[in-house]
Number of protein chains: 2
Amino acid sequence: MKGKEKKAVILLSGGLDSTTVLAIAKDQGYFCHCLSFSYGQRQTIELERAAAIADKYGARHLVLNIDLGKIGGSALTDTLEVPKVVRNFIEDECSEERIPVTYVPGRNTIFLAYAMAWAEVLGAWDIFIGVNAMDYSGYPDCRPEFIKQFERLAKLGTKSGVTQEQVLTIQTPLMYLTKKEIILKGLGLNVDYSLTHSCYDPDKQGRACGLCEACQLRLKGFSEAGSVDPIQYQGGKGEPDVESS
Amino acid sequence: MKGKEKKAVILLSGGLDSTTVLAIAKDQGYFCHCLSFSYGQRQTIELERAAAIADKYGARHLVLNIDLGKIGGSALTDTLEVPKVVRNFIEDECSEERIPVTYVPGRNTIFLAYAMAWAEVLGAWDIFIGVNAMDYSGYPDCRPEFIKQFERLAKLGTKSGVTQEQVLTIQTPLMYLTKKEIILKGLGLNVDYSLTHSCYDPDKQGRACGLCEACQLRLKGFSEAGSVDPIQYQGGKGEPDVESS
């Protein structure tokens, strides 16, 4: 990878989805500039994983401290309790009742705004984000129409939108994949999922709870992909006490 | 102002424009939640002024620390030199050559994204921002079409966009006013402009340089409004050595 490399900004949380996205972007020949956020989330373990993952892919890694916690309104940044319930996560409609307490108001808009700013400074024309319309759990800012709208905004709100030379594209390679398909895609690209972290409520050793929405989606995905999740769960080695085998 | 107050989020920099906007929102009966950003800008004096101004208007004031400086790309966050040139600032077209080094990539997108997030948490349906199409000096994210596009994004990217109950409006009361008209509007609302700060390059005592674009626009505005700028300039009391009388 020398000479005129094409650059991309990758929104990297350290989770399963964004790590798969990084592997996809790398596979497509991009020089990857990974962007992570420290936003008062309770699980700072994500950032350690993100750093290790970026390092593994020889990617640049920038962590921005943002004060999302001061705004509040989410179980991920406030002290609301993270729900541990078993329910059907795959739905087609986005309705008010389906918006969970783990939804962080404005999060993807803020993340994409920073990614757009960094892309403009870097001269990158692609932003990769691991949003997904299959298991977004009712988050309004994971929908494809939201992403398209952001592209239109970026076209107007940046220097390139003025000069018309090139426009920013937001790449969402996971948008229409199930968790199973995402994992199969990643395994095909030799992603080391033991480095990733998804749990909303890990213990002090960083072990996943196995009971929150993120854990259950993940376990279900590995099970359906005919694979075993390599991370550690609080219930001991292997899967915890949920239907995943 | 009791009972069911209508709430607004005001993007308040502590400058002349955003202070006028706060006065306008207050005059319209909004309970104002002012949002300021600490983003590695060289003039932290702005934040002190913003706090004093919010206090004067009995408004809530939230300051978010954001890492815009880490992204770079602007004379306002990097160590690029702030230009001190006299030129014609009022132009109709936004062209590449007109984008100045003081342009901060993504700034208004990031600011509006936070304002949107806070509005969602507060249950506010109006965001006030002091952007202006007359003297935006070539900033792509000050244009009316950019603001309209952000409203469309907010409609999709928030809970309210899902429930359809109400949509966020971005109020830009200064959009088509000249600096003279902004100042006249503010003086009519008894704005104390001595509290405001506009200079890109103040000295250690916080006195304005009188030479940067922001200072010159301001001085020209006061002069045309038949008024005297009450802030202190480095050239001594009153106006510095520019044509403004």
Consider B:Ala115 carefully, then state whether it is in contact (Cβ under 8 Å) with a residue 40 or more places away in the chain, out of contact with any helix residue (DSSP H, G or I) (no Cβ under 9 Å at 6 or more places or on another chain) and among the aliphatic types (A, V, I, L, M). yes
Selected residue [of a type in the set (Val, Ile, Thr), more than 24 Å from B:Gly157 (Cα to Cα), in contact with a helix residue (DSSP H, G or I) (Cβ under 9 Å, 6 or more places away or on another chain) and at pLDDT below 95] from A:Val131, A:Val162, A:Val167, A:Val191: A:Val162
Pairs with Cβ under 9 Å, 6+ apart, first in the range A:8-28 and in a loop (DSSP other than H, G, I, E, B), second of a type in the set (Val, Ile, Thr) and at pLDDT below 95: A:Gly14/A:Ile45
Only one of (1) away from chain A (no Cβ under 14 Å); (2) assigned to a loop (DSSP other than H, G, I, E, B); (3) surrounded by fewer than 21 Cβ atoms within 10 Å (Cβ to Cβ); (4) touching a residue at least 24 places away in the same chain (Cβ under 8 Å) fails for B:Gly226. Which number is that? (4)
Complete set of residues in the range A:43-71 that are of a type in the set (Asp, Glu) and facing chain B (nearest Cβ under 8 Å): A:Asp67
Single match in A:Leu184, A:Leu168, A:Leu174 (criterion: in contact with a Gly (Cβ under 6 Å, 6 or more places away or on another chain), in contact (Cβ under 8 Å) with a residue 24 or more places away in the chain and more than 10 Å from every other protein chain (Cβ to nearest Cβ)): A:Leu174
Starting from residues that are polar (S, T, N, Q) and surrounded by 16 or more Cβ atoms within 10 Å (Cβ to Cβ), keep the ones in the range A:28-68 and report whichever is nearest to A:Ala113 (Cα to Cα). A:Ser36
Which condition does A:Gly73 not pass, out of (1) at pLDDT 65 or above; (2) not in a loop (DSSP other than H, G, I, E, B), if it passes all the others? (2)
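The values are calculated or read from the model by the stated rules, or taken from the named source; none is laboratory data. Being a predicted model, the structure only gives us computed values, none of them experimental. All Cβ positions, even for glycine, are placed from backbone atoms using ideal geometry, and neighbour counts span all protein chains on display.
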